[in-house]
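Worksheet for the structure shown next.
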Amino acid sequence: MATVNIRRDITDPFYRYKMEKIQSKIEGKGNGIKTVIVNLNSVAQSLARPPAYVIKYFGFELGAQANAKPTDERWIINGAHDASKLQDYLDGFISKFVLCKKCKNPETEVSIKDDKIILDCKACGQRTDVDPRLKLSTFIVRNQPKAGKKEKKDKKARREAKKAQANGTNGTNGDDASPGDSNGSEHDDEDGDEALEAPSDDEVLRQANAIEADAEIADDDWAIDTSAEAVAARTKDLSADFNRAVVLDDGDDEADGPSSYEELGSWILATAEEKGSVSAVTNDEIEKKVKELLIESKHKTCAVLAQSIFDENIVAQIPTRAKLLKSLITSERHEKAFLGGTERFVGVDHDSETRQTLKKKIPAILHGYYEHELVDEETLKAWGAKASKKYVKLSISKEIREKAQPFLEWLENAETEDEDESSDEE
Ligand SMILES: [Zn+2]
């Protein structure tokens, strides 16, 4: 595959930073014509940036729709754009979002502090700012894996610290070898990482298959208690949980009554009971109900759905719900709520025997979320690195993350080296 210097103004053939030349393919015709960037993963990896940044940058520059979250790894821009033009635009991306502003070296890491994008240069040690007025800057800040406003973080950190004190724990998942987790701070923005898309090498594939195989085996020994009493009991528990989740969420800025969420959850469970199985409640019906309740944009909706649209066969059900979920999980905050709901589903909503079995499936569940792009790699890593009391008791939250380790390790190993060097502030 033809390579080119990351800085094309440097003609030195021994320049050490290289990337593949952009390869594109025009597909369709008329209004449906589009450009597929065949090797975007590889190019983005050479730049140590997520492919979503690059495709979005192209989209902004060309004034064209670009899908930053493709379901099938096909990176598409609407319209016909030839590779050499895209290569020229890529120069702009590199100069604005990759090269150190001081020494022009491309070996930089992105971190975001107070909605400012900072490039941390490995070569000269300078930290320089990216122009915040660029459209892609806004996209990056809005889609960062870590929580939003600093003020809110501080508030939450204080709250966590207070709770942790009361419990005599340090409030973090200290047992796990999470990178950069040497201090007790609740918030993981010190990681400063912008994780790369995983390269799909054989080892990754093998592990993924192993996880899937495990899941299939595990799915076989299921005997669900579908008796009316059991379902009624679960419905009751679940309603109580929705209430509690909403109460816990009260400090947030998304204000609306608990009743809509409770109504959604109860409606799904009741309909499932009526039809004999939750799988019989169709995506269209659920979507219609969500819209009817006017909560299709709410992150809490994602938590409720994680608790209500699956049963013990969740691993096999994820693909059938992926499209519906993708249309509702629209930000990092939604992703986190969806994971929180999953914690409740796995760790709270069922009897203890069922919970045990569900916990064994956690790696496969998370893998399913990742595979169907319901939750970003960065969000999954941030989630895995810190236990939280937001949705379940801290002890349950910790246990769930312990069970998630095989998946989290797989995710970790699927990326390039020197990713783990966290940049410790002061
Ligand atoms: Zn530098």
request  = Check whether at least one residue in segment 123-139 is in contact (Cβ under 8 Å) with a residue 24 or more places away in the chain, of a type outside the set (A, V, I, L, M, F, W, C) and under 30 Å from LYS323 (Cβ atoms), and report yes or no.
outcome  = yes
inquiry  = Against the condition outside the structural domain of SER331 (by TED's automatic domain parsing), within 16 Å of the ligand (Cβ to nearest atom) and more than 22 Å from the chain's Cα centre (by Cα), how does ASN105 come out, does it pass?
reply    = yes
query = Quick check: is even one residue across segment 312-327 of a type in the set (Asp, Glu) and open to solvent by 50 Å² or more (accessible area, probe 1.4 Å)?
reply = no
query = Cβ-Cβ below 7 Å, separation at least six or inter-chain, first residue in segment 291-307 and on the phi > 0 side of the Ramachandran plot, second open to solvent by 50 Å² or more (accessible area, probe 1.4 Å) and among the basic types (Lys, Arg): which pairs?
reply = none
request  = May I ask you to list the residues in segment 385-397 that are assigned to a helix (DSSP H, G or I) and farther than 14 Å from VAL346 by Cβ?
outcome  = ALA385, LEU394
Selection within segment 113-139 - away from the ligand (no atom under 16 Å from the Cβ) and open to solvent by less than 20 Å² (accessible area, probe 1.4 Å) = LEU136, SER137
note = Over segment 1-32, the set of residues β-branched (Val, Ile, Thr) and open to solvent by 50 Å² or more (accessible area, probe 1.4 Å) is THR3, THR11, ILE26
query = Among the numbered criteria (1) modelled with pLDDT under 90; (2) assigned to a loop (DSSP other than H, G, I, E, B), which single criterion is violated by LEU205?
reply = (2)
query = When residues of segment 67-96 are filtered for being within 16 Å of the ligand (Cβ to nearest atom) and in contact with a Lys or Arg (Cβ under 8 Å, 6 or more places away or on another chain), how many remain?
reply = 1
Helices (runs of 4 or more DSSP H) contained in segment 324-380 and holding at least 2 residues at pLDDT 95 or above = 332-347, 362-371
query = under 17 Å from ALA303 (Cβ atoms), open to solvent by less than 50 Å² (accessible area, probe 1.4 Å) and of a type in the set (Lys, Arg) - does that describe any residue in segment 345-365?
reply = no
ask   = Is it the case that some residue within segment 41-56 is open to solvent by 60 Å² or more (accessible area, probe 1.4 Å) and either at pLDDT below 90 or closer than 18 Å to SER95 by Cβ (or both)?
value = no
key: Residue under evaluation LEU99, criteria (1) within 16 Å of the ligand (Cβ to nearest atom); (2) farther than 23 Å from LYS21 by Cβ, criterion not met   = (2)
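The values are calculated or read from the model by the stated rules, or taken from the named source; none is laboratory data. In this text the structure is predicted, and so the values were computed from the model without any measurement. Neighbour counts run over all protein chains shown; Cβ positions are idealised from the backbone, glycine included. Please note that ligands, DNA and RNA were not included when accessible areas were found on the heavy atoms of the full protein model with its side chains. Shrake-Rupley method; radii C 1.70, N 1.55, O 1.52, S 1.80 Å.
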